[in-house]
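Quick notes on the structure that follows.
The values are calculated or read from the model by the stated rules, or taken from the named source; none is laboratory data. Owing to the predicted nature of the structure, the values given are computational and were not obtained by experimental measurement. Cβ placement follows ideal geometry from the backbone for every residue including glycine, while neighbour counts extend to all protein chains displayed.
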Amino acid sequence: MNRSLSVLSLAIIAVLCAGTLYLAQQVLASRIGAEQRLIESRNLLDMLPTDSYDNQPLDQPLALKGVVLANSTLLGGYRANLGGKPAAIILLSRVTGYEGAIDLLLVIDSQGRLLGVKTLKQGETPGLGARIATHPNPWLAGFIGKSRGDPGDSGWALKKDQGQFDQLAGATITSRAVISATHDALRYFDEHQPQLIGSAP
């Protein structure tokens, strides 16, 4: 009798514990999801001045998944609007560097000028190509204000390749990859501006 009472008590305790864990998991999952969304939002929108848009760009994704370009692949994109008009396009790009994939975030204004470039993910050589991930990044800042036509298609290369850009010291392949991906994104914007800018929803 005492033994079956003990087994029953243990079973009830186990059920109560399982129920409590389940409820805690549900509550925490929504909080964790909200925190992850906030982190992602800050990560993707921190190159846009807060007064430069008034919509929720991450709620308006562009249909760009897996768009293969000359040197890179577009993974996605978003549109930032201000006063009902498109203000900027955010593009997510992947290019192959020296050690593997480099994921970039590029922000282009409605006139096709680069507002900023940031590395989201990379696996380049520490101390060399991995410096592409520092934020803010003085080398990437050199692209700000550029467009497809400024410096022109042939100018989007390293100086050693008759282009207009210096390289990250000791990281020629990484530098070439990022320059090519940035040029790809600006060219894509230029060639698809009506679809990307469109009319604000």
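Observations, loosely collected:
- Meets criteria (modelled with pLDDT of 90 or more, over 18 Å from ARG94 (Cβ atoms) and not in a helix (DSSP H, G or I)) for GLY127: no
- Residue check for LEU128: buried (at least 18 other Cβ atoms within 10 Å of the Cβ) and on the phi < 0 side of the Ramachandran plot: no
- Residue-level check: of (1) modelled with pLDDT under 90; (2) assigned to a loop (DSSP other than H, G, I, E, B); (3) surrounded by 20 or more Cβ atoms within 10 Å (Cβ to Cβ), GLY170 misses just (3).
- Some residue of region 102-117 being among the acidic types (Asp, Glu), touching a helix residue (DSSP H, G or I) at 6+ places or on another chain (Cβ under 9 Å) and more than 18 Å from HIS192 (Cβ to Cβ): no
- Matching residues in region 110-131 - criterion: being hydrophobic (A, V, I, L, M, F, W, C), within 14 Å of the chain's Cα centre (by Cα) and under 18 Å from GLY100 (Cβ atoms): LEU120
- Residues of region 112-146 that turn out to be without any contact (Cβ under 8 Å) to a residue 60 or more places away in the chain, closer than 23 Å to ALA87 by Cα and either outside the structural domain of THR172 (by TED's automatic domain parsing) or in contact with a Phe, Trp or Tyr (Cβ under 9 Å, 6 or more places away or on another chain) (or both), as a count: 3
- Looking only at residues of region 66-95 that are more than 12 Å from the chain's Cα centre (by Cα) and of a type in the set (D, E, K, R), we find that the one that is surrounded by the fewest Cβ atoms within 10 Å (Cβ to Cβ) is LYS85.
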